[in-house]
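Peer 1: One structure follows; several queries about it will come next.
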Amino acid sequence: MNRYRSHHNAELRKSDIGAQATLAGWVDVRRDHGGVIFIDLRDREGLTQVVFRPEENAELARQAHHLRTEDVIQVSGRVAPRIAGTENPKLATGDIELLPSSLTILNRAENLPFHLDDEVKNEDLELTYRYYDLRRPRLARNLRLRHRVTQAAREYLDAQGFVEIETPILSKSTPEGARDFLVPSRLAPGKFYALPQAPQQYKQLLMVAGVEKYFQIAKCFRDEDLRADRQPEFTQIDIEASFVRPEEIYALTEGMLAAVFKAARGIDVPTPFPRMTYREAVDTFGSDKPDRRFGMQLVDLADVFRGSEFKMFRGALDSGGVVKAMNAKGFAGITIGQVDELTAMAKQYGAKGLAFIKVENGEWKSPIVKFFTDAEKQALASKLSIEEGDCIFFAADRWEIATEVLGRIRLRIAEIQQLTASSDVLDFLWVTEFPLMQFDAAEDKWNAVHHPFTRPKADDLPLLEEKRYGEVRAEAYDVVLNGVEIGGGSIRIHEPELQAKLFSAYGVDEQQQQAMFGHMLRAFRLGAPPHGGIALGLDRLVMLICGELSIREVMAFPKNNRGMDLMSQSPAPAERRQLRDLRLRLAADERAQSESKSPPER
RNA sequence: GGAGCCUUAGCUCAAUUGGUUAGAGCGCCGCCCUGUCACGGCGGAGGUUGCGGGUUCGAGCCCCGUAGGCUCCGCCA
């Protein structure tokens, strides 16, 4: 037998005592007593203690003195019981230890850039040495959990008759949506591929192809600014099916998520998930992806202030707006700094200011209370269940602004009060009946909220004809987990006439339609079945399953805030020759910049 | 494009109101240590306080600029 190891490092037990074993792995830690030396040998499965005793093998002990953390070694020897009283219950292998008769140093580790057992906050450094950082048990566990998730999703979808089909990475730029990554074509000089923002068009064309049930664990690319939960390349579990109604997509998604959580966490997720319309979600939580793990719901106060003397509230109502409030329980101790922060937040989202009432020592403390009548106060107290120690926040504005302001403040207060910090609740929710279109004031045109292939609700087709675009609801839905949108989809348009009508509504004229979406419109004329689907953000989903706050923690090689891979130093300048092949020339000033930009020192 | 926070030893951090030679833990090097499991003990090396400028008798600390990082807004059909 000529193998590197006979067992992994979480395998040996009492029952192996007396046996010969060969182990391999990394030196996790050396405890050198001058005489006896202990090594914790680590591999991906766990730790085994290796003991070098000078009286048993002086030469090996001498070598073991020089072992350092993260050296890669192989040891062979006898499995022995630990001396009574020195067993380590924290280790699966804590009852035994290996007494080696041979030691091979497979590779030395030089000085380490950081310690794996520390919580390093210098993410820059961790990303530079990502291959080393990934040895951390937490990250290693995350990668393996991610594998469990994709594996469970594949098995589930396969069992439901879905076929995994790969779609092109070199594809075509789409005018709507996010900025595309472009790839210059050598064979067609001056022309560009785009990396897909999603396999949207391809999966619809697969429905026209008669596939009926498609899925893909698909890499997607969007050239936009990054966030903790946004990377330029990310992965979707992409699903499309023919002859389906939303109900079938809901049931399929619920079944898949239940299978995933069972496989990854051993949790039984109750299905079906509750549902809420977009309107209701924004009305009561100020968000289209409500976090319902805590209350603090928005309450409508139109009834209370319809005839009020208080000009701020009355004015908002008279001009078609709303007055809404929410009760932050036990938040009367709000600090001046927090008031300033929340007020700044309110202004950032378009409010003129932020009115609030603190309830302290039985007294309502606020500059606006003096404008309220007793009846108004009573109505407030009852509608908002106001008690000692509460803090009430008000917004009086257009519906969109008032709900968003209170929704954002609600989340910030929950953060300050740590309302979800220790929660292990998994609150799944469908948000339905999204608006189809949204007016973009900057562009002075209507855009698709979801994407231009989204089907309007049949009931709202007359509204579309009347060009009351803002009121048309879409056959679109999002699945939300604990206030995070983990997926979204819709039933699509399969009729060329309706699709063309919607393109026109989005400001895409006939000529552009042919140039950009001609293949879609032609496909729809060759017998396109009704179809619809959903896409789930795999990275976000795994992030939530792993209890992480950033998707970088569940990706093997993520990019930093500026979209750079610090490890490989990409993106990097192109060789002159590569540019020549592509018939590309850099503008002079950018060339100078690109050449002078050397990698950061390290 | 904008806002906030951050940048001191290889790593994590400290340094009173602007005041002597910028400290500690871990890591590293050397010596000691035979049952530890974050082993322990003694000693040592290691710093252009991100960079540039200013104020001051004196700046890690105050001011201006700049670079980088993170979070957020815009953006993300």
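Peer 1: Which FRET efficiency value, to the nearest 0.05, is calculated for A:Q160 and A:M516 with the Förster distance at 45 angstrom and r the Cβ-Cβ distance?
Peer 2: Working: r = 33 Å, r/R0 = 0.74.
For A:Q160 and A:M516, the calculated efficiency is 0.85.
Peer 1: Counting pairs of alpha carbon atoms under 8 Å apart in space and at least six apart in sequence, what relative contact order in percent does the stretch A:294-416 give?
Peer 2: Working: 192 pairs, mean separation 45.6, N = 123.
After rounding, I find 37 percent.
Peer 1: Assuming R0 = 25 Å, what is the FRET efficiency of A:D459 and A:T271, from their Cβ-Cβ distance, to the nearest 0.05?
Peer 2: The pair A:D459/A:T271 has a calculated efficiency of 0.40.
Peer 1: What number in nm² do you get for chain A if you take the convex hull of its Cα atoms and divide its surface by four?
Peer 2: Details: hull surface 152.2 nm².
Computed as one quarter of the Cα hull surface, the answer is 38.1 nm².
Peer 1: Starting from the Cα gyration tensor of the stretch A:159-316, take the square roots of the eigenvalues, sort them a ≥ b ≥ c, and report rounded, prolate or oblate (rounded when a/c is under 1.5, otherwise prolate if a/b is larger than b/c, else oblate).
Peer 2: oblate
Peer 1: Shifting gears a bit: So how much slack lies between A:L579 and A:L106, counting 0.36 nm per residue of separation and subtracting their Cα-Cα distance, in nm? Don't skip to the answer; put the middle values down first.
Peer 2: Details: separation 473, 0.36 × 473 = 170.28 nm, distance 4.28 nm.
Extra length available between A:L579 and A:L106 comes to 166.0 nm.
Peer 1: I would also like to ask the following. Note the angle between two axes, namely the Cα long axis of helix A:137-159 and the longest principal axis of the Cα atoms of chain A, as a number of degrees from 0 to 90, rounded to the nearest 10.
Peer 2: Once rounded, the angle reads 60 degrees.
Peer 1: OK, next. If I stretch the segment between A:E123 and A:R227 completely, what's the gain in nm (0.36 nm per residue apart, minus their alpha carbon distance), one decimal?
Peer 2: Details: separation 104, 0.36 × 104 = 37.44 nm, distance 1.41 nm.
Value of the extension gain: 36.0 nm.
Peer 1: Between A:L429 and residues 5 or more places away or on another chain, which pairs have amide H atoms under 5 Å apart, with H built 1.01 Å from N, and which residues are they?
Peer 2: Amide H neighbours of A:L429: A:V480.
Peer 1: Projected area of the stretch A:415-537, taken from the Cα convex hull and averaged over every viewing direction, in nm²? Present the calculation step by step, with values, prior to reporting the outcome.
Peer 2: Values: hull surface 40.8 nm².
Here the figure is 10.2 nm², rounded to one decimal.
Peer 1: Could you give the length gained by full extension between A:R525 and A:R179, i.e. 0.36 nm per residue of separation minus their alpha carbon distance, to one decimal place?
Peer 2: Extra length available between A:R525 and A:R179 comes to 121.6 nm.
Peer 1: Give me the angle, in degrees from 0 to 90, between the Cα long axis of helix A:496-505 and the longest principal axis of the Cα atoms of chain A, rounded to the nearest 10.
Peer 2: In chain A, helix A:496-505 runs at an angle near 80 degrees to the longest axis.
Peer 1: List the aspartates and glutamates whose alpha-carbon lies under 16 Å from that of A:K14, not counting same-chain residues fewer than 8 positions away?
Peer 2: A:E87, A:D95, A:E97
Peer 1: Using +1 at the C-beta of Lys and Arg and -1 at the C-beta of Asp and Glu, which of A:L411, A:V369, A:G350 has the Cα lying farthest in the positive direction of the dipole of the stretch A:294-416?
Peer 2: Selected residue: A:G350.
Peer 1: Follow-up question, since we're still on this one. If you put +1 on each Lys and Arg Cβ and -1 on each Asp and Glu Cβ, how big is the dipole of chain A around its Cα centre, in Debye rounded to 20?
Peer 2: Details: 81 positive and 90 negative charges, 256 e Å.
So the magnitude is around 1240 debye.
Peer 1: If the cut-off is a Cα-Cα distance under 17 Å, which lysines reach A:K457, setting aside same-chain residues fewer than 8 apart in sequence?
Peer 2: Correct list for A:K457: A:K467, A:K501.
Peer 1: Further question on the same structure: Counting only other residues whose beta carbon sits under 12 Å from that of A:A258, what net charge do I get with K and R as +1, D and E as -1? List each step's numbers first, then the result.
Peer 2: Details: positive: A:K262, A:R265; negative: A:E254, A:D268.
Result for the neighbourhood of A:A258: 0.
Peer 1: Which of rounded, prolate or oblate describes the stretch A:41-103 when judged by the alpha-carbon gyration tensor and an a/c cut-off of 1.5?
Peer 2: Values: a/c = 2.00, a/b = 1.23, b/c = 1.62.
Since a/c reaches 1.5 but b/c is at least a/b, the shape of the stretch A:41-103 is classed as oblate.
Peer 1: Let me ask something else. Taking the Cβ of each residue in A:Y4, A:Y193 as the centre, tally the other Cβ atoms inside 10 Å and list the residues starting with the fewest. Each step should come with its number before you reach the end.
Peer 2: Details: A:Y4 11, A:Y193 18.
Going from sparsest to densest Cβ surroundings: A:Y4, A:Y193.
Peer 1: If you don't mind, another one. Run the helix sum for chain A: -39,500 (n - 2.57) per DSSP H stretch of 4+ residues, divided by residue count, reported at 222 nm to the nearest 500 deg cm²/dmol.
Peer 2: On the way: 18 runs with 184 residues, N = 602.
That comes out to -9000 deg cm²/dmol.
Peer 1: Tell me whether the stretch A:294-416 comes out rounded, prolate or oblate; compute the Cα gyration tensor, take square roots of the eigenvalues as a ≥ b ≥ c, and use a/c under 1.5 as the rounded threshold. If you can, show how the numbers build up before the last one.
Peer 2: Working: a/c = 1.59, a/b = 1.09, b/c = 1.45.
Since a/c reaches 1.5 but b/c is at least a/b, the shape of the stretch A:294-416 is classed as oblate.
Each value in this text was obtained by applying a stated rule to the coordinates, not by laboratory testing. All of these numbers come straight from a predicted model, not from anything done at the bench. No Cβ is skipped: glycine too gets one built from the backbone with ideal geometry, and neighbour counts run over all protein chains shown.
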